[in-house]
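Here is the structure we will look at, set down as structure tokens.
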Amino acid sequence: MASPGFQLSVEGGRRLFEARRFHEANERFEEGWRVCRSDEKRVLQVFVLWTAALQQHENGRGGGARRLLARALERLCSVSDDFDGLDVDSLKSCVIDTWGQMVAQEPLLPRWPEAFLSRPGSLSLDHAFSCPSCNEPVMVTVAMEEADGAQYVEDCPVCCSPWSVTVRREGGDVDVAVRRLDA
Ligand SMILES: [Zn+2]
């Protein structure tokens, strides 16, 4: 299972990428790159380079854009083909598409690699803690869509007391706070 920092960075970056906000997406991927290790770090570097290349291209610096993209492709070759159940090939084909468009001097229509994170349930985070009411060890599962900030009520599966669950993004990590609602 991919680490929370990785999922958070990829999911947050994806939304910005799809909105063509490449500069912000780039920062989001870089945030994850700083906290991740090994294959995750390499993949995030690919996203960092890819979005930097798109930015440079939009700013009219075609040569710089192609150099960055070449580095992204080079980096992709060092990632295992199927690391942690993620579809690295789908990422490769999307980066190669951008390369083709840049070289042909066509308008850039970068595609997000849909298959990359399509594994069901891959975008969630389990948070283990002791129930603030009954003290039993319990767990909540936070969907990554909520990781940018969410607050909701959930009942303890052991004692049925309602909790207030607060999710916040803290740099490259997710902070989950659970409090008693009836206190
Ligand atoms: Zn409880």
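The values are calculated or read from the model by the stated rules, or taken from the named source; none is laboratory data. What you see is a predicted model, and the numbers here were worked out from it, not measured in a lab. Glycine also receives a Cβ, built like all others from the backbone with ideal geometry; neighbour counts cover every protein chain displayed.
A few remarks follow.
- One residue stands out in the range 1-37 among those that are crowded, with 21+ Cβ neighbours inside 10 Å, under 15 Å from R169 (Cα atoms) and among the small types (G, A, S): the one that is nearest to the chain's Cα centre (by Cα), namely S9.
- Pairs where the first residue, in the range 131-146, is in contact (Cβ under 8 Å) with a residue 60 or more places away in the chain and the second is outside any loop (DSSP other than H, G, I, E, B) and more than 16 Å from the ligand (Cβ to nearest atom), C-beta under 6 Å, 6+ apart: M144/Q7; M144/E11
- Looking only at the range 153-168, residues that are more than 10 Å from the ligand (Cβ to nearest atom), of a type in the set (A, V, I, L, M, F, W, C) and either in contact with an Asp or Glu (Cβ under 7 Å, 6 or more places away or on another chain) or not assigned by TED's automatic domain parsing to the domain that holds A143 (or both) come to 2 in all.
- Top-ranked residue of the range 1-19 - restricted to ones that are without any contact (Cβ under 8 Å) to a residue 40 or more places away in the chain and out of contact with any Ser or Thr (no Cβ under 8 Å at 6 or more places or on another chain), ranked as farthest from V142 (Cα to Cα): A19
- Residue check for S133: surrounded by fewer than 17 Cβ atoms within 10 Å (Cβ to Cβ), closer than 23 Å to D182 by Cβ, polar (S, T, N, Q) and modelled with pLDDT of 85 or more: no
- F47 within 17 Å of W112 (Cα to Cα), within 13 Å of the chain's Cα centre (by Cα) and not acidic (D, E): yes
- Residues (in contact with a helix residue (DSSP H, G or I) (Cβ under 7 Å, 6 or more places away or on another chain), farther than 17 Å from L181 by Cβ and surrounded by 15 or more Cβ atoms within 10 Å (Cβ to Cβ)) located in the range 136-169: M144, A147, R169
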